[in-house]
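Peer 1: One structure, pasted below without further comment.
What follows draws every value from the coordinates through simple rules; no lab data is involved. Quick caveat, the model's predicted, so the values are computed rather than measured. Using ideal geometry, Cβ is built from the backbone for each residue, glycine included, and neighbour counts are taken over all protein chains shown.
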């Protein structure tokens with residue numbers, strides 16, 4: 001028995017996130033930690049729940065262990081429901097053979113049976129690599145009102161940035177008349193956010209057609225959306241206003257973390273009406289000693305701070321010893337920064353140990369590249385890690 | 001493998017800290033930035049694989065029920081077993097509760113005998129909520145089983161003032177740990193003695209028999225009416241625990257223990273950083289704490305969700321506290337969602353939940369007599 005759902009969300013979480021290098025060697029991009037106590041996937045999952053969408057399929061493929069463990073039964077997001085909830089959907093072997101997910105559209109195609117169990121009117125396609133707060137229910141309302149076959153969320157970007165995105169050219173009623181993937185000379189600044197609402201029947205038809213097309217690479221942006229547009233489907237743009245950031249690169253991940261800081265942050269994560277839920281270890285409050293100095297920073301449970309922390313995000317259980325300095329950095333769980341070490345403009349992945357007196361990274365003025373230290377590395381005492389280094393996870 | 005049920009008394013000792021228990025049970029008194037007293041008793045049980053837990057309560061229990069919820073934050077939302085809250089059972093037609101007002105552990109057990117009688121596990125662990133410790137209950141159980149005891153009482157030897165002794169139970173035992181005498185709340189005792197941690201292990205059959213007997217004889221005190229009377233022929237043992245335990249017998253105790261938590265890192269380690277024995281609490285999904293450029297924080301324990309723009313020294317800040325620009329807070333405990341506005345100044349203050357201290361206000365208590373602000377008050 002499955003309860004009929006108005007909308008089923010499908011979260012594409014299989015991507016490797018290769019441009020995050022050391023940070024995604026052992027974890028899928030959606031499981032990359034963010035903002036002191038979250039992971040990237042907390043944002044789309046929390047958005048779903050806050051938008052009253054309680055049926056979410058999470059499509060996993062690349063390095064799924066951490067991600068699977070993190071999602072678990074969905075309890076932190078109230079997605080441990082009896083007739084719906086969150087379901088992890090890895091590629092599988094079928095009678096006709098086995099296939100990896102070949103592209104975004106193929107991943108959904110392979111899971112049409114999951115979607116159809118809930119007999120939904122709409123299917124919401126999300127990706128697990130963006131930081132934002134969005135009420136999907138309003139997008140679905142707009143989709144219904146327009147009587148659309150497909151609605152695509154768009155963000156106003158600057159003209160210079162527009163050539164990095166898929167751009168929607170619309171009429172005055174936001175009806176999409178043309179779609180251009182990364183245009184050299186963009187005609188509009190409405191960039192696709194990779195968030196789609198489809199009528200389920202239409203989606204099913206086009207996915208089957210796409211699957212049977214040998215020339216297709218089975219991608220929504222490259223194949224399905226252009227095909228639908230060419231066939232004259234009713235497609236609308238849904239303008240989104242607010243903070244949205246693709247955290248696909250090391251520098252954008254660093255920037256998005258920094259956007260949480262400040263007295264009037266660019267991304268005000270503390271908004272009790274739209275909470276972001278996450279799974280956290282049971283840890284005691286953090287301790288700030290008499291020798292510490294902290295400014296413009298996020299600090300969370302289990303940390304012990306005896307040194308200096310400036311313009312930084314510290315995850316749980318970080319220890320900063322006396323005389324150590326952390327500046328403009330993101331330091332993930334259970335990292336120890338020993339006496340006199342200096343960490344600047346860096347992302348330190350979880351479990352690292354930064355030896356006494358060592359120097360990791362350079363200031364932002366000295367080096368424009370973020371330094372990344374992969375998980376569980378031990379930086380020896382006195383070692384000097386030059387700015388912009390990328391150290392693989394241990 | 002033996003099986004064990006836990007019973008927690010949530011109201012016994014409410015009178016210890018009347019300031020903080022006016023609106024709540026002692027079990028739900030906030031402690032240590034993000035915990036409630038009962039979290040220690042519950043975590044001790046869960047960490048010792050006890051997944052059947054009954055919480056007996058009587059009054060002021062809304063905050064307790066809100067805190068526990070389904071029990072899932074302690075892994076106690078379970079198909080079989082899990083947590084069960086036992087409030088007073090008001091009988092139809094009689095117009096009164098089944099048992100009247102409960103003041104003691106024994107009365108609490110009598111009033112819930114219908115539940116007690118159905119326990120089929122071999123052993124029962126009884127725990128009060130005024131004791132803060134991280135203890136492996138399996139060690140007591142092993143000791144209890146090896147000595148063939150009827151009941152085993154966790155104790156710790158300590159030097160007591162007359163005041164301290166007055167609010168505690170003191171056990172005397174022979175070299176083998178067999179109890180020879182018990183003093184409940186003595187008014188004439190001081191010096192060294194084994195103070196009871198209010199954690200007791202009992203054989204289920206024995207405890208059921210004792211409670212039935214107490215119902216028949218209208219006994220009211222476990223220590224006076226059962227233990228003291230049966231010392232000659234029953235096998236009562238003490239289990240000497242030498243780890244940290246904090247006993248809260250007064251508001252001053254509460255303040256002193258909280259301040260100890262800041263000053264003493266070993267104590268924090270012994271309470272919170274024990275391998276395989278984390279302390280669980282209700283998850284609130286607060287964001288990390290934000291320290292502004294102008295913040296100045298020293299020697300403090302701070303929970304998530306705070307916004308700090310001012311000066312904080314030697315303080316315990318619970319979740320969601322806001323310290324305004326220019327505000328100076330020293331030696332204080334500020335509970336959940338307290339707001340200290342700009343340029344306010346606090347010293348030795350305990351602010352209950354949701355209080356607001358307006359800009360420019362100066363408040364000070366003394367270390368031996370901290371100033372208490374009631375829940376929700378605006379000053």
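Peer 1: Report the semi-axes of the equivalent ellipsoid for the stretch B:31-95 in whole Å, largest first, where each axis is √(5λ) for an eigenvalue λ of the Cα gyration tensor. Walk me through the intermediate numbers first.
Peer 2: Values: eigenvalues 110, 50, 18 Å².
Its equivalent ellipsoid spans semi-axes of 23, 16, 9 Å.
Peer 1: Each label point is 7 Å from the Cα along the Cα-to-Cβ direction; what then is the distance between the points at residue B:178 and residue A:116, in nm?
Peer 2: Once both label points are built, they end up 7.6 nm from each other.
Peer 1: Compute the Cα gyration tensor for the stretch B:187-337, then decide on rounded, prolate or oblate, letting a ≥ b ≥ c be the square roots of its eigenvalues: rounded whenever a/c is under 1.5, prolate when a/b is larger than b/c in the other cases, and oblate in all that remain.
Peer 2: Prolate.
Peer 1: How much length is gained if the chain between residue B:252 and residue B:282 is pulled fully straight, taking 0.36 nm per residue apart and subtracting their Cα-Cα distance, in nm to one decimal?
Peer 2: Numbers: separation 30, 0.36 × 30 = 10.80 nm, distance 2.60 nm.
So the chain would gain 8.2 nm between residue B:252 and residue B:282.
Peer 1: Any chance you could get the radius of gyration and Dmax over the Cα atoms of the stretch A:203-296, in Å?
Peer 2: 22.2, 68
Peer 1: Checking the a/c ratio against 1.5 first, then a/b against b/c, what shape does the Cα gyration tensor give for the stretch B:90-228? Write down the numbers at each step before the final one.
Peer 2: Working: a/c = 2.01, a/b = 1.37, b/c = 1.46.
Oblate, since a/c reaches 1.5 and b/c is not below a/b.
Peer 1: Using a Förster radius of 35 Å, what is the FRET efficiency between residue A:175 and residue A:217 based on their Cβ-Cβ separation? Nearest 0.05, please. Mind dumping the intermediate values first?
Peer 2: On the way: r = 27 Å, r/R0 = 0.76.
Working from the Cβ atoms, E equals 0.85.
Peer 1: Estimate the FRET efficiency between residue B:114 and residue B:206 by the formula 1/(1 + (r/R0)^6), using the beta-carbon distance for r and 25 Å for R0, to the nearest 0.05. Could you put the intermediate results ahead of the total?
Peer 2: Numbers: r = 18 Å, r/R0 = 0.74.
The pair residue B:114/residue B:206 has a calculated efficiency of 0.85.
Peer 1: Another question about this same structure. Full extension from residue B:162 to residue B:224: what is 0.36 nm times the residue separation minus their Cα-Cα distance, to one decimal in nm? Working shown, then result.
Peer 2: Numbers: separation 62, 0.36 × 62 = 22.32 nm, distance 1.99 nm.
The residue B:162-residue B:224 span can extend by a further 20.3 nm.
Peer 1: For chain B, set up a Gaussian network in which alpha carbons nearer than 10 Å are linked by springs, and say which option among B:21, B:180, B:220 fluctuates the most.
Peer 2: It is B:180.
Peer 1: When the Kirkwood radius is taken over all Cα pairs of the stretch A:66-180, what Stokes-Einstein diffusion coefficient follows at 37 °C and 0.692 mPa s, in µm²/s?
Peer 2: Values: Rh = 17.5 Å.
D, rounded to a whole number, is 188 µm²/s.
Peer 1: Sticking with this structure for a sec: Report Rg/Rh for the stretch B:158-274, rounded to two decimals, where Rg is the Cα radius of gyration and Rh the Kirkwood radius.
Peer 2: Working: Rg = 16.6 Å, Rh = 16.3 Å.
Result: Rg/Rh = 1.02.
Peer 1: Give me the Kirkwood hydrodynamic radius of the stretch A:242-335, using the inverse of the mean 1/r over all pairs of distinct Cα atoms, in Å to one decimal.
Peer 2: Values: mean 1/r = 0.0706 Å⁻¹.
Answer for the stretch A:242-335: a Kirkwood hydrodynamic radius of 14.2 Å.
Peer 1: While we're on this one: What is the helix-to-structure angle for B:204-217, meaning the angle in degrees between its Cα long axis and the longest Cα principal axis of chain B, kept from 0 to 90 and rounded to the nearest 10?
Peer 2: Tilt of helix B:204-217: around 80 degrees.
Peer 1: For A:271, A:328, what's the fewest-to-most ordering of other Cβ within 10 Å of each Cβ? Could the numbers behind the result be given before it?
Peer 2: Working: A:271 11, A:328 19.
Fewest-to-most ranking of A:271, A:328: A:271, A:328.
Peer 1: Using R₀ = 35 Å, calculate the FRET efficiency as 1/(1 + (r/R₀)^6) where r is the Cβ-Cβ separation of residue B:80 and residue B:368; round to 0.05.
Peer 2: Values: r = 50 Å, r/R0 = 1.41.
My answer for the efficiency is 0.10.
Peer 1: For chain B, rounded, prolate or oblate, judged on the Cα gyration tensor with a ≥ b ≥ c (square roots of eigenvalues), a/c < 1.5 rounded, else prolate if a/b > b/c? Write out the running numbers ahead of the final one.
Peer 2: Details: a/c = 1.91, a/b = 1.71, b/c = 1.12.
Judged from the Cα gyration tensor, chain B comes out prolate (a/c at least 1.5, a/b above b/c).
Peer 1: Which percent of Cα pairs goes in each bin when the distances of the stretch A:271-317 are cut into 5 angstrom slices starting at zero?
Peer 2: Taking all Cα pairs of the stretch A:271-317, the binned fractions are 6, 19, 23, 23, 15, 10, 3, 0 percent.
Peer 1: On to the next question. Rounded to the nearest 500, what is the protein assembly as shown's calculated 222 nm mean residue ellipticity when only DSSP H runs of at least 4 contribute -39500 (n - 2.57) each, over all residues?
Peer 2: Details: 19 runs with 155 residues, N = 773.
The helix contribution divided over the protein assembly as shown gives -5500 deg cm²/dmol.
Peer 1: Restricted to Cα positions, what overall size does the stretch A:1-63 have along the principal axes? Three whole-Å values, descending.
Peer 2: 42, 25, 16
Peer 1: While we're here: Between residue B:263 and residue B:62, with labels modelled 7 Å along Cα→Cβ, what's the label distance in nm to one decimal, could you check?
Peer 2: 3.8
Peer 1: If we count other beta carbons within 10 Å of each Cβ, what is the order of B:217, B:307, fewest first?
Peer 2: Values: B:217 11, B:307 18.
Ascending number of Cβ neighbours within 10 Å: B:217, B:307.
Peer 1: Further, regarding this structure: Provide the descending list of Cα extents for the protein assembly as shown along its principal axes, expressed in whole angstroms.
Peer 2: Cα spread of the protein assembly as shown along its principal axes, largest to smallest: 94, 60, 49 Å.
Peer 1: Over all alpha-carbon pairs of the stretch A:104-262, lay out the pair-distance distribution in 5 Å bins, whole %, shortest bin first.
Peer 2: 2, 9, 17, 20, 21, 16, 9, 5, 1, 0, 0
Peer 1: Considering chain A, what Rg and Dmax in Å follow from its alpha-carbon atoms?
Peer 2: In order Rg, Dmax, the Cα atoms of chain A give 22.1, 68 Å.
Peer 1: What spacing in nm lies between the two simple spin-label points modelled at residue A:369 and residue A:160, each 7 Å away from Cα in the Cβ direction?
Peer 2: 2.2
Peer 1: Where in the stretch A:256-289 does the amide nitrogen come within less than 19 Å of the point 7 Å from the Cα of residue B:298, taken along Cα to Cβ?
Peer 2: A:287-289
Peer 1: Okay, next question. Using only alpha-carbon positions, what ratio does the radius of gyration of the stretch A:1-155 give when scaled by 2.2 N^0.38 Å?
Peer 2: On the way: Rg = 15.3 Å, N = 155, 2.2 N^0.38 = 15.0 Å.
Dividing the Cα radius of gyration by 2.2 N^0.38 Å gives 1.03.
Peer 1: In µm²/s, what is D for the stretch B:1-138 at 10 °C and 1.306 mPa s, where D = kT/(6 pi eta Rh) by Stokes-Einstein and Rh is the Kirkwood radius from Cα pairs? Mind showing how you got there, number by number?
Peer 2: Working: Rh = 15.3 Å.
Translational diffusion coefficient: 104 µm²/s.
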